[in-house]
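Data first, discussion second: the structure below is written as structure tokens.
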Amino acid sequence: MDPLEALVAQIQGLSSTPGDIARLHIILKQADDSLRAESTRLSPVLGQLAPSEHSLGFLYVLDAFTSGQISKQQAETSVPIITGFINACNAEQIRLAPEKCINLCYPIVLVCKRLKDQVMMLEAPIRGAGPLLTAARKLQLSTEHLTPLHSDFLMLCVLAKCYKTGLSILEDDIFEVDQPRDLFLYCYYGGMICIGLKRFQKALDLLHNVVTAPMSTLNAIAVEAYKKYILVSLIHHGQWQLSTSLPKYASSVAQRSLKNFCQPYIELASSYGTEKIAELEAYVQTNTEKFENDNNLGLVKQVVLSMYKRNIQRLTQTYLTLSLQDIANTVQLNSPKEAEMHVLQMIQDGEIYATINQRDGMVRFLEDPEQYKTCEMIENIDSSIQRIMALSRKLSAMDEQISCDQLYLSKVGRERQRYDFDDFDVPTKFNI
Amino acid sequence: MDADDESSNPMIDEIYANGGSAEGGGGEKRSRRLIISGDQFDIEAYASLYSGRTKIARLLFIADHCGGDNSAMQLEALRMAFDEIKKGENTQLFREVVNKIGGRLGPDYTMDVAWCEAVDRRAEQKKEKLDNELNAYRTNLIKESIRMGYNDFGDFYYAHGQLGEAFKSYVRTRDYCTTSKHIIHMCMSAILVSIEMGQFTHVASYVSKAEQTHEALDQITAAKLRCAAGLANLVSKKYKLAARKFLETAPELGSHYNEVIAPQDVATYGGLCALATFDRTELKASTLTMIMLLNDDCEISFVFLILILYLQAKVIDNINFRNFLELVPEVRELINDFYSSHYASCLEYLANLKANLLLDIHLHDHVETLYDQIRHKALIQYTLPFVSVDLQMMASAFKTTITGLEKELVALITDNQIQARVDSHNKILYARHADQRNATFQRVLETGRVFDRDVRSMLLRTNLIKYDYNARSLSRKL
């Protein structure tokens, strides 16, 4: 019998119970190479298998089918197949990890990566976003788990400019990571999505994670993230200091070398610190090309805009009412009309509280009306408290877990003194 | 602001430089501000307050700083300096002054070469004699004589204007001092020379050295040391400390320290620094209580008597300082006005005094800063008791325009010195008190958010490190 036919029969037969599936897994691994050899004949095979029941088998066949170069027309046909599979497949079956490589590379991941390549080739990244989201959710062991699919999904979101879908996955906290590289990409793309949605605080947090992650050598993702980090800091906080930018827990590599690659941005930040808008704009003008090459020009323009905003905000601290003409003069705008537009925009964005009296050309600055007395505020505070308590519990749990970890104890035992004052009966087992 | 050190110190250094490299160099560093001539400034009276080298230094300073169109005062100062120098033995300074005079004062005040040579010859002879004596003493190893020898050397160098050498000689006596009297003498000489040289760090260290001697100091010496310390603080811009030191000076000082400072100066420096840096309670306790006691009615004085009993230590000084303030009635009026909120007249007095103060050798650099501080304090104090202030009235109280006043107030508000906001439309200043409750809520929420974020990042990083470590140990095992 045709080995392929035999395989199909086995797949169909052994896909029901977990014990069978384990056996099927072994068989499929052995048959992997032969499958790859026959990649051209596999499309009818795919038709015979049902993605929801025979997920594992389908997956291996799909893997073999999509390996190798695929042209645009082939991509057209295979994308819907993969999409259909992802939507229908059984989550447990696809999580079975192969032990063949150290990197724990799931075959589903390979398949999804190929999907991504194909939709990029077809120049329709949005077609891949949805399926990848489903795949990521299915592959995750828990919502705190980061899979390689997350970063690919976010990349497609960025390319397709559908930020809101990306945001949904960013709301989850990540604690477990398979591959550091995934984390870098995830945080970087996540930061870009948040910037696109103007959620600068979250973007700062994500970019901060990239920049301060432990790394032994500098990588390009960290450099790019650092550039954006500087710009977003300026927009959100209005200041950025080179000396305090990287906390002590950032890797020494980062602390030493990151700034060498981001010179124009650091100079931009110092020019921002002088609070002279003309200088800032001049600097941006002269360095437009460099910013353009990094694809950061839009962000830089937002930085310049934020300076006006910050100056106007400072005025709210010293004045109760101020004429539009005076605002224009102090903030170095060209006319009261422009000042009015700026102030109006800021009121709408909720950045200041004010009323504009057009008849007198006066702006009246008001206090923040938030009194912290409403039910919503109380619920907000309450949920924050619960969240932080959960986090503390998690932290203690992790602490306990590490103290019991064998590797940790062996290392600590080695470095500890033979005899502490308190305990004379140090178990020698740990002094390896 | 011209409160830099570099404006007057290089000039003094040039005048007193040992190598004499500054002939005619003093002329370059003319004062940057032309001062309106203070007609009230009486040079003779001023100079009579001082003696010794500081008199000459001050006269020269005045000559340099009184401005090009006031040649009368300049010449007067130079003439008096000339006379004073002729009484001494400093040929270096003599040449300087002659250059500056440039023959404008007639034949009596030109270069007297004969005199110079005579003085120089005498100096050489004296130096040789002193040298021989010192060597003799050194071979004999008699401590007291060696000390006297070095002291004589110090005096000699000082008289001839070689201040660096003088300082070194005085310091060398340190090893041969046996009693605390000797130490005090050494310290006082070192302080004197350091002040002339403009090295006030030495002044501060020698003052503390002198104060640390075991024996109790007599009143006059203690007062002198306080003055010197005050001067050192003033020059290093620690105005509050300077004020304290000056206020602690005992009135027994009188004219005993005329080679450095006159009692009028103590009052002026101390008063201005106190005005610029003390808050209201300190100001009252240290300078005003006694004044008010003498001016007000009996029942008020009874209240103050209670206050005095509480503030015993400061009261003793009050009386002291009041004696000083009597010598400069303008400063006393000034402080009184400030305290009783007559800011316009207070600032007027200040403006009148300014011209004269700019001619003072020590206060010259600090006048601007002190004046600014005093003005700011006046503005802040004016707005403190009110919920709303009409800027029109405030401008007239300070004799300034509304726009100017508004600018100053905005600067103070931005600096967080005044808690208020300006209603630019109606020209009113409204006091604004921070809402503690809201601020607390905001801080709490922010802290929570920061904690949340930090712990999450930490857990993430821990995971990464654990992964890394696992991967490495795994690869090692393989």
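Descriptive notes on the structure:
- Rounded accessible area of residue A:245 (nearest 10 Å², 1.4 Å probe): 10
- Look at the stretch A:377-389: the mean tally of other chain Cβ atoms within 10 Å of its residues' Cβ atoms is 2.
- Scattering curve values for the protein assembly as shown, log₁₀ I(q)/I(0), Debye with Cα scatterers, q = 0.10 Å⁻¹: -1.19
- The range B:54-137, accessible surface, carbon-and-sulfur percent (1.4 angstrom probe): 46
- Helical content alone sets the calculated 222 nm signal of chain A at -21500 deg cm²/dmol, taking -39,500 (n - 2.57) per DSSP H segment of four or more residues and averaging over every residue.
- Counting charges near residue B:192 (Lys, Arg +1; Asp, Glu -1) among other residues having Cβ under 9 Å from its Cβ returns a value of -1.
- Under 14 Å from a label point set 7 Å out along the Cα-to-Cβ vector of residue B:437, no amide N atom of the range A:305-319 is found.
- Sorting B:269, B:109 on solvent-accessible area from highest to lowest, probe radius 1.4 Å, gives B:109, B:269.
- Average other protein chain Cβ within 10 Å of Cβ, residues A:405-411: 2
- With the charge dipole of the range A:144-225 set up from +1 on Lys and Arg Cβ and -1 on Asp and Glu Cβ about the Cα centre, the Cα lying farthest toward the positive end among the listed residues A:168, A:146, A:201 is that of A:201.
- A Stokes-Einstein calculation at 10 °C with viscosity 1.306 mPa s, built on the Kirkwood radius of chain A over Cα pairs, returns a diffusion coefficient of 61 µm²/s.
- Dipole check for the range A:282-382: with +1 at the C-beta of Lys and Arg, -1 at the C-beta of Asp and Glu, and the Cα centre as origin, the magnitude is about 440 Debye.
- Ranked packing of B:188-195, A:230-237, most packed first, by mean Cβ within 10 Å: B:188-195, A:230-237
- Reduced Cα scattering model of the range B:388-431, Debye log10 I(q)/I(0), q = 0.23, 0.26, 0.29 Å⁻¹: -0.73, -0.92, -1.11
- For a modelled paramagnetic label at residue B:447, 7 Å from Cα along Cα-to-Cβ, the residues of the range A:382-397 in reach, with backbone nitrogen under 14 Å, are A:385.
- Student exercise, the protein assembly as shown dipole from Lys, Arg, Asp, Glu Cβ charges, in Debye to nearest 20: 2280
- Burial order of peptide ranges B:408-414, A:55-61, B:124-130 (average beta-carbon count within 10 Å, highest first): A:55-61, B:408-414, B:124-130
- Shape category assigned to the range A:179-309 from the gyration tensor of Cα positions, a/c cut at 1.5: prolate
- Legend: mean number of C-beta atoms from other chains within 10 angstrom of residue C-beta atoms, peptide B:449-462, equals 6.
- Flagged links, alpha-carbon separation over 18 Å, of A:227/A:301; B:284/B:354; A:116/A:198: B:284/B:354; A:116/A:198
- If you take the Cα centroid of the range A:108-141 and the Cα centroid of the range A:311-331, the two points sit 51 Å apart.
- Ordering of A:273-282, A:255-264 by burial proxy (mean other Cβ atoms within 10 Å per residue, highest first): A:255-264, A:273-282
- Close amide H contacts of residue B:420 (hydrogens built in the peptide plane, cut-off under 5 Å, sequence separation of 5 or more or a different chain): B:432.
- Filter on A:72/A:290; B:143/B:168; A:161/A:290; A:259/A:411 - keep pairs with C-alpha separation over 29 Å: A:72/A:290; A:259/A:411
- Candidates B:281, B:98, A:388 compared by Cα position along the dipole of the protein assembly as shown: farthest toward the positive end lies A:388, with charges placed on Cβ.
- Whole-number percent relative contact order across the range A:179-309, with pairs defined as alpha carbons under 8 Å at least 6 apart: 23
- Under the simplified labelling scheme, the residue A:390-residue A:270 pair shows an inter-label distance of 4.5 nm, with each label point 7 Å from Cα along Cα→Cβ.
- Here the dipole of chain A is about 620 debye; that uses its Cα centre as origin and unit charges on the Cβ of Lys and Arg (positive) and Asp and Glu (negative).
- Note on residue A:393: accessible area is roughly 150 Å² with a 1.4 Å probe, heavy atoms of protein only.
- From phi via Karplus (6.51, -1.76, 1.60), per-residue ³J(HN,Hα) for the range B:224-236 in Hz, x at Gly/Pro: 4, 5, 4, 4, 4, 4, x, 4, 4, 5, 4, 5, 8
- ³J(HN,Hα), Karplus 6.51/-1.76/1.60, whole Hz, each residue of the range B:240-250, x for Gly, Pro: 5, 5, 4, 4, 4, 4, 5, 5, 7, 5, 6
- Overall form of the range B:96-204 per C-alpha gyration tensor (a/c, 1.5; a/b vs b/c): oblate
- Positive dipole terminus of the protein assembly as shown, leading residue within B:154, B:130, A:132 (C-beta point charges): A:132
The values are calculated or read from the model by the stated rules, or taken from the named source; none is laboratory data. Keep in mind that this is a model prediction, so the values were computed, not measured. Cβ: placed from backbone, ideal geometry, glycine included. Neighbour counts: every protein chain shown. Ligands, DNA and RNA are excluded from the accessible area calculation, which covers all protein heavy atoms including side chains. Shrake-Rupley method; radii C 1.70, N 1.55, O 1.52, S 1.80 Å.
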